[in-house]
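Accompanying notes for the structure given below.
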Amino acid sequence: MSAPRGGAEDASPAELSLTDALHELEAAEHEGRPPVAGTTSNVLTALVVLALGVAALLGSFALGVGSPGDPDTGTWPLLVSAVLVVLGVALLVAVRRTHDAERFSRAGGLVLAGLATMVAFVAVLEVIGFEIPAALLTFVWLRFLGHEGWRTSIVTSVGVVVAFYVVFVGLLSVPIPHLF
C-alpha cells in the first residue's frame, strides 16, 4: 500500500492514521461555530446576571418573604433570585478562565426579543386578562422566533390558551385575570 501523496485530505479513510483522523474531525467540528466571546463580553454578561438577581431579590422583599414556617408571596422569588446572585458572582469570578462562551449574535437578539415579549405579556396581563396576551405571545414565539408556519402558529396559539383556560381557570380555579 502506498502512502498518500497529498496529505491527510487526499487519503482514503483506511489510509488515515488515528491522529490525522482526529485532526480532521476536530476541524470539521469547529467549522460554523460562532466566534468566542472576549473578557469584556463575559464581564458584561456576569454583571447583567448579577443585576437581574439583585433586582429580583429586592422585588421579592417588596412582596414579603415571610418565614420558613410561614412563607409569603416573595419566598420562592427570593430563593430563585439568591441563586441568580450567586451564579452572577460565580460568573464574575470565572471570567478569565472562561474560553468557550460565544459572542453575542443574532441568536442572542432572538433571546432578547423573547424576553421583551414576555415583559409585555406580564405588563398587560392585569389589564386585559391572560387570553389575548397568551395567544399573542405563543403566536409570536412560534411564528417569528421559531419560524413555524402560519397555520401551525395560529392553531397552536389558540389551543394553548384553551388548554390553559380549562386547566387553570376551569379545573383548578386559579385566580388569574381572564376575560371570560
Item to check | D70 being acidic (D, E) and either modelled with pLDDT under 80 or within 21 Å of the chain's Cα centre (by Cα) (or both) | outcome: no
Checklist outcome for this item: Taking segment 158-167 and keeping residues surrounded by 15 or more Cβ atoms within 10 Å (Cβ to Cβ) and over 25 Å from the mean Cα position of the chain (by Cα) leaves Y165
Item to check | Checking P175 against (1) open to solvent by 50 Å² or more (accessible area, probe 1.4 Å); (2) in contact (Cβ under 8 Å) with a residue 24 or more places away in the chain, the condition it does not meet | outcome: (2)
Checklist outcome for this item: Condition set open to solvent by 60 Å² or more (accessible area, probe 1.4 Å) and of a type in the set (A, V, I, L, M), scope segment 125-147, selection farthest from F180 (Cα to Cα): answer is L136
Next on the checklist: Please return the ranges of helices (runs of 4 or more DSSP H) entirely within segment 73-180 where 2 or more residues are of a type in the set (S, T, Y) and either closer than 26 Å to A55 by Cα or at pLDDT below 90 (or both).
Outcome noted: 75-93
Next on the checklist: Checking R33 against (1) within 26 Å of the chain's Cα centre (by Cα); (2) at pLDDT below 85; (3) in a helix (DSSP H, G or I); (4) not β-branched (V, I, T), only one condition comes out false. Which one?
Outcome noted: (3)
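The values are calculated or read from the model by the stated rules, or taken from the named source; none is laboratory data. On a predicted model such as this, the values are computed, not experimentally measured, just so you know. Cβ: placed from backbone, ideal geometry, glycine included. Neighbour counts: every protein chain shown. The protein model used for the area step is the full one, side chains on, heavy atoms only, and it has no ligands, DNA or RNA in it. Shrake-Rupley method; radii C 1.70, N 1.55, O 1.52, S 1.80 Å.
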